[in-house]
Amino acid sequence: MRSLAHYAGRASSLFFRNQCWIGGRFVPAASGRCFGSVNPASGEVLTDVARGGVEDIDRAVQAARKAFDDGRWSRLTPAVRKDVLLRMVALIRDNAEEFALLDTLDMGKPISETVNVDVPGSIHFLQWHAEAIDKLYDEVAPTGGRDVAMIRRMPLGVVGAVVPWNFPLDMAIWKLAPALAAGNSMVLKPAEQSPLSALRLAELASEAGLPDGVLNVVPGFGEEVGQALGRHPDVDCLVFTGSTDVGKLFMRYAGESNMKQVWLETGGKSPNLIFPDADLDAGADKAAFGIFFNQGEVCSANSRMLVHESVADDMIERMRVRAEAIVPGNPLDPQTRMGAMVDVRHTARVAEFLASGRETARLVAGGSRVTVGASDAFIQPTVFADVPSDAPIVREEIFGPVLAIQTFRDEEEALRLAHDTPYGLAASVWTRDISRALDLSERLNVGTVSVNTVDALSAMTPFGGVKQSGFGRDLSLHSFDKYTALKTVWIHY
Ligand code: NAD
């Protein structure tokens, strides 16, 4: 890692791309309007960004449709598409520090995380999907006789992607990598809190040889740009990562427009089950990572700890020590492990949960909103114990560094508590008993069960939820299912 002085110096000289990227060039919003992109760690406006609207989405969708229909990308061979995407990978790698700074400045996360996790992760995910695309085979059905029935995977057409702010570059790449590799055209809407890395990404994609119109980026607000994309009659598929409430809106938009496919990765309130035979130190280390990493602004954060009553006091003490060891600080300082919350509005919302937690549960660590430099958009790592099952801090997704600890007596009670939520994104189980681990991994109704770790995730394995955590999977070869339609071609000869 470089020094704080290095990152601060580089940050002050960055050039921000701030217009819509449509048809292979930067253009202002049709309305001429802009909105300020704010660094939450300082309160400063980084740049004024084009505030897209219905007209901009329409232009972007038209550009994407034209590019798809004339085959400039969709009908290239997979190997050629792979080469372009791998050139994009190389360009992101060449500009890795700039991407790390863009996301740190835009949403407040520590530079150590954007440098070591977000940007290398994005590069890896793009590379993995690019390299996969010329290794996916279609099928031939066993018809026999004088018939050949091919089952072909076809790109869908125009894919709209609406992504959140918690991992701005990663979330864009999770959608874009399989969608583009499969031959689709795209219109990407980054979150209004963090549009800068997506705009730079589009420019680099063009430099890598992605034809004009294949990738378009329209920044702006959810109710305006997001809704326009969700309702557009010429969008074939809408992929979304964000809150459950907005996910439900996209289902409505699709139903009220052209019945486009909708795939949703939404909220979570993931439980972390700790049994008495577990390695409690390792469990506490990972639990602290799971809830405090990225300021707790992680959909699969294990925000609930369910601990066996016989080891509850031990675990609560371990979590207190770990929480108090992390102090919020300047995100540009490579020593900082807890940065700013994404904006002051979200900070205020998390602070309301802190107040509610104090009324309903026992505060073990943290519990306050704090000021660092000129900004009060920071929250202390916080642990609550003795949390009743109806407390808002254990029922609602806080999306902040706030852990709610409850106890259980036996496996059945642990499962009942684990399932007492509308969400089903992830769960963790800590035990040395392999039978218990396998049994619980089968019975837990979630998208990912991590045993003796938390938040297990890789390009090789699908990621997504059940219940109100959504449906459809990002990552792995299964991600291509969302971006392709099966077509049967039957030849009788
Ligand atoms: P959000 O739902 O408010 O916003 C997500 C995106 O939707 C943004 O681009 C936003 O502009 C857009 N949007 C907002 N209102 C809209 C509307 N009315 N119509 C159309 N688009 C609209 O979520 P957020 O606060 O940005 O992100 C946090 C949420 O994302 C959390 O709930 C978190 O769990 C979820 N998340 C889920 C995953 C996952 O993979 N399951 C990953 C990361 C984040």
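Rg over Rh for the range 95-153 works out to 1.43, both radii taken from alpha-carbon positions and Rh defined as the Kirkwood radius.
When the alpha carbon gyration tensor of the range 271-463 is reduced to an equivalent ellipsoid, its three semi-axes come out at 27, 18, 16 angstrom, largest first. Note on the range 338-402: Rg/Rh from C-alpha atoms, Kirkwood Rh, equals 0.97. Counting only protein heavy atoms and using a 1.4 Å probe, the accessible area of Leu156 comes to about 30 Å². In this Cβ point-charge picture (+1 for Lys and Arg, -1 for Asp and Glu), the range 191-322 has a dipole of about 240 debye about its Cα centre.
If you wrap the tightest convex hull around every Cα atom of the range 1-55 and split its volume per residue, you get 116 Å³.
When N is the residue count of the range 1-142, what does its C-alpha Rg come to as a fraction of 2.2 N^0.38 Å?
So the range 1-142 has a normalised radius of gyration of 1.31.
Taking all protein chains together and rolling a 1.4 Å probe, Met319 ends up with roughly 0 Å² accessible. Solvent exposure of the chain, expressed per residue, is 39 Å² of accessible area, with all protein chains present and a 1.4 angstrom probe.
Return a whole-number percent for the relative contact order of the range 106-180, with Cα pairs under 8 Å and 6 or more residues apart as the contact set.
Details: 46 pairs, mean separation 30.4, N = 75.
It rounds to 41 percent for the range 106-180.
Size descriptors for the chain: radius of gyration and Dmax over Cα atoms are 23.0, 76 Å.
If you take all other residues with their beta carbon under 15 Å from the beta carbon of Thr77, and give Lys and Arg +1 and Asp and Glu -1, the sum is +3.
Pairs Lys286/Lys482; Lys109/Lys467; Lys175/Lys467; Lys189/Lys482; Lys109/Lys189: which are spaced more than 23 Å apart, C-alpha to C-alpha?
Working: Lys286/Lys482 32 Å; Lys109/Lys467 29 Å; Lys175/Lys467 21 Å; Lys189/Lys482 18 Å; Lys109/Lys189 20 Å.
Among Lys286/Lys482; Lys109/Lys467; Lys175/Lys467; Lys189/Lys482; Lys109/Lys189, the Cα-Cα distance tops 23 Å for Lys286/Lys482; Lys109/Lys467.
This model, with +1 at the C-beta of Lys and Arg and -1 at the C-beta of Asp and Glu, gives the range 271-463 a dipole about its Cα centre of some 460 debye.
Can you give the local net charge around Gly255? Use residues other than it whose beta-carbon is closer than 13 angstrom to its beta-carbon, Lys and Arg +1, Asp and Glu -1.
Working: positive: Arg231, Lys248, Arg252, Lys260; negative: Glu256.
Net local charge, Gly255 excluded: +3.
Estimated at the nearest 10 Å², the accessible area of Arg337 is 120 Å² with a 1.4 Å probe.
Ignoring aspartates and glutamates fewer than eight residues from Lys82 along the same chain, the ones with Cα atoms less than 16 angstrom from its Cα are Glu131, Asp134, Glu207. Per-residue ellipticity at 222 nm from helix content only, as computed over the chain with -39500 (n - 2.57) for each DSSP H run of at least four residues, stands at -11500 deg cm²/dmol. Simple point charges give the picture: +1 on the Cβ of Lys and Arg, -1 on the Cβ of Asp and Glu, and for the chain a dipole about the Cα centre of about 1220 debye.
If the viscosity is 1.306 mPa s and the temperature 10 °C, what translational diffusion coefficient in µm²/s does Stokes-Einstein give for the range 190-247 when Rh comes from Kirkwood over Cα pairs? The partial results should precede the final answer.
Values: Rh = 12.8 Å.
Reported coefficient: 124 µm²/s.
Out of the total accessible area of the range 271-463 (probe 1.4 Å, heavy atoms of protein only), what percent is carbon and sulfur? Looking at the range 271-463 in its full context, I get 49 percent from C and S. Among Pro195, Ala64, Ile133, pick out the residue whose Cα is farthest towards the positive end of the charge dipole of the chain, where Lys and Arg carry +1 and Asp and Glu carry -1 on C-beta, about the Cα centre. Checked the options; the winner is Ala64.
May I ask you to rank Trp165, Trp490 by accessible area, largest first, using a 1.4 Å probe over the protein chains only? If you can, show how the numbers build up before the last one.
Numbers: Trp165 35, Trp490 150 Å².
Result of the area sort, largest leading: Trp490, Trp165.
Once Lys and Arg get +1 and Asp and Glu get -1 on their Cβ, which of Leu180, Thr488, Gly32 lies farthest toward the positive end of the dipole of the chain? Final value for the positive-end residue is Thr488.
The values are calculated or read from the model by the stated rules, or taken from the named source; none is laboratory data. Computed from a predicted model, the values in this text were never measured in an experiment. Positions of Cβ are generated from backbone atoms using ideal geometry, with glycine treated the same way; all protein chains shown enter the neighbour counts. When the accessible area is computed, the model is the full protein with side chains, heavy atoms only, and any ligands, DNA or RNA have been set aside. Shrake-Rupley method; radii C 1.70, N 1.55, O 1.52, S 1.80 Å.
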